[in-house]
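J.: There's a structure below that I have some questions on.
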Amino acid sequence: MDAVLLRVAEVALSDREMDHIVRLVYERSGIALHSGKRALVVARLHKVLKAGGFASFADYIHHVETDRTGHELSVLLDAITTNHTSFFREDEHFRYLAERVVPPLAATDRPLRVWCAACSTGQEPVTLAVTLMEALPESQHRRIRLLASDISTRALKTANAGVYPMRVAAGVPQSVLKSYFERGLGPTKAKCACARTCAAPSSTAG
């Protein structure tokens, strides 16, 4: 086994294999990789090759393509995607939503349907929900319909749980924390949970 792991650590990614991965990822997910991502692909997939005992990238690619369950494709996409997000990231967008978009919609009686298409670990859909609930009277909160989806099943697990380390919520206004979050106790004392917001996490992989 040690010899196998040594060979995996030294295996190289050929141009042909890189092109195959680029094409596979784009066809199955719409993510466009390019040559500048080669080092990232090698670093992240080496871990997958090592864990699975694959001797080459070609063997691994064949394994992914012949897996009818779609699980190995999800593992591949989880490995190469970068989930960078935060609460109220680029907050001018949320101010625009609250000040310019919501008021005309508030005058109607239609459901307010929002889709967060790349929700990552959930901070953006939570921010959207908080923004909408703050901008609308409480009597209209039932109108909010929020769908959150992401290509990464790993990220969606965090989004679905809605529990985050306290450091992740460091930039959230205290008034929002008090109204929409609960602080953990005991083993989760360093974490906070979304108490009043809700989303419907959905994976677009497959």
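J.: For Ser35 and Trp115, compute 0.36 nm times the residue count separating them, minus their Cα-Cα distance, and round to one decimal in nm.
T.: Full-extension gain reported as 25.7 nm.
J.: From zero outward in steps of 5 Å, how is the percent of C-alpha pairs of the range 58-135 spread across the bins?
T.: For the range 58-135, the binned pair fractions read 3, 13, 18, 16, 11, 9, 8, 9, 7, 4, 2, 0 percent.
J.: How high is the relative contact order of the range 41-116, given as a whole-number percent (alpha carbon pairs under 8 Å, six or more residues apart)?
T.: Value for the range 41-116: 23 percent.
J.: For the range 2-80, what does the relative contact order come out to in percent, with C-alpha contacts under 8 Å and a separation of six or more?
T.: So the answer I get is 37 percent.
J.: Work out, step by step, the length gained on full extension between Leu147 and Tyr26: first 0.36 nm times the residue separation, then minus their alpha carbon distance; give nm to one decimal.
T.: Full-extension gain reported as 41.2 nm.
J.: Once you put a point 7 Å from the Cα of Ser86 and another 7 Å from the Cα of Lys47, both along the Cβ direction, what distance in nm separates them?
T.: 2.2 nm
J.: Related question: Just tell me which aspartates and glutamates come within less than 17 Å, Cα to Cα, of Lys47; anything on the same chain fewer than 8 places away is out.
T.: Lys47 reaches Asp2, Glu10, Glu17, Asp59, Glu72, Asp78.
Bear in mind these aren't lab numbers, they're just calculated from the coordinates by the rules spelled out. Note that this is a predicted model, so its numbers are computed, not measured. Don't worry about glycine lacking a Cβ; one is built from the backbone with ideal geometry, like all the others, and counts go over all protein chains shown.
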